[in-house]
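Structure, as structure tokens:
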């Protein structure tokens, strides 16, 4: 099936941007940890790949997006997943009943409009009493250096703005940063053992127990939060994690390699190249004769 066109407004599976793909997949990896056997709303579901990933372990997934073309595309592409229901709707008018979902997922949505309080009220309305919201938002203070003048971002939030909004609407709010990192991961083989997650940086002269920010890549471009009004905080501790991006990087390298090979072969087959090559051969022949 043909990929949904990438316009810059929403992620699609045809996009090859390494950091963008890895960041989005990592967020859904976290989401899978808290949506097992749950009824889930993926608000601003876009192309539908995230709803599809969640559907592998969730009881039911509602994928809702304001864009009708995206919804129609998702209905066809993921038709084999019987526990997903895609429908058109917005963050301030969610087409679901009150107290109907266990978990709401909202990734890179809130910056696309300015009805933030209405969005929180609608999410609170559809969430069950002990429901959970997992939400992400680009960091306003630095995001423009990575994606300048994005016409689809209507109102970005700083971490303080993000925190204040969520704490006005939920009793429990756990905040996270998300960074794109390139490095080495050392972890326990026995994943049942608990261990503090450390961040290291440095060189041959010094190693520090923290990350130094790069000019571009590993800044905390995204803020995430897990929110709930429940007294039970089991959902709120998902811990630190890393998403292995090697597969994505290799795929992008292969795509670039194929593209360059195609361009190279196209150049070899042009009449101008053949003519130029013929002229060079004749010149080289003359040079050989003169050397004799």
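Values quoted throughout were computed directly from the atomic coordinates according to the rules given, and no laboratory measurement underlies them. Just so we're clear, the structure is a prediction, and the values are computed from it rather than from any experiment. Here the Cβ is made from the backbone with ideal geometry for all residues, glycine too, and neighbour counts use every protein chain on show.
Divide, for the range 43-101, the radius of gyration over alpha carbons by 2.2 N^0.38 Å, where N is the residue count. Don't jump to the answer; show the numbers that get you there.
Numbers: Rg = 10.6 Å, N = 59, 2.2 N^0.38 = 10.4 Å.
Scaled against compact globular proteins, the figure is 1.02.
Pop a pseudo-label 7 angstrom from the Cα along the beta-carbon direction at both residue 186 and residue 259 and give the gap in nm to one decimal.
3.8
P(r) tail for the range 77-155, what percent of Cα pairs lie past 20 Å?
More than 20 Å apart: 43 percent of the Cα pairs in the range 77-155.
Using alpha carbon centroids, what distance separates the range 103-129 and the range 75-99, in Å?
Distance between centres, Cα-based: 15 Å.
Please sort 91-101, 63-73, 116-126 by packing, taking for each peptide the average over its residues of neighbouring beta carbons within 10 angstrom, highest first.
The most tightly packed comes first, giving 63-73, 116-126, 91-101.
Could I have the simple spin-label model distance between residue 144 and residue 199, label points 7 Å from Cα toward Cβ, reported in nm to one decimal?
2.4
Note down the nm distance, to one decimal, between modelled labels 7 Å out along Cα→Cβ at residue 242 and at residue 270.
Rounded to a tenth, the inter-label distance reads 4.4 nm.
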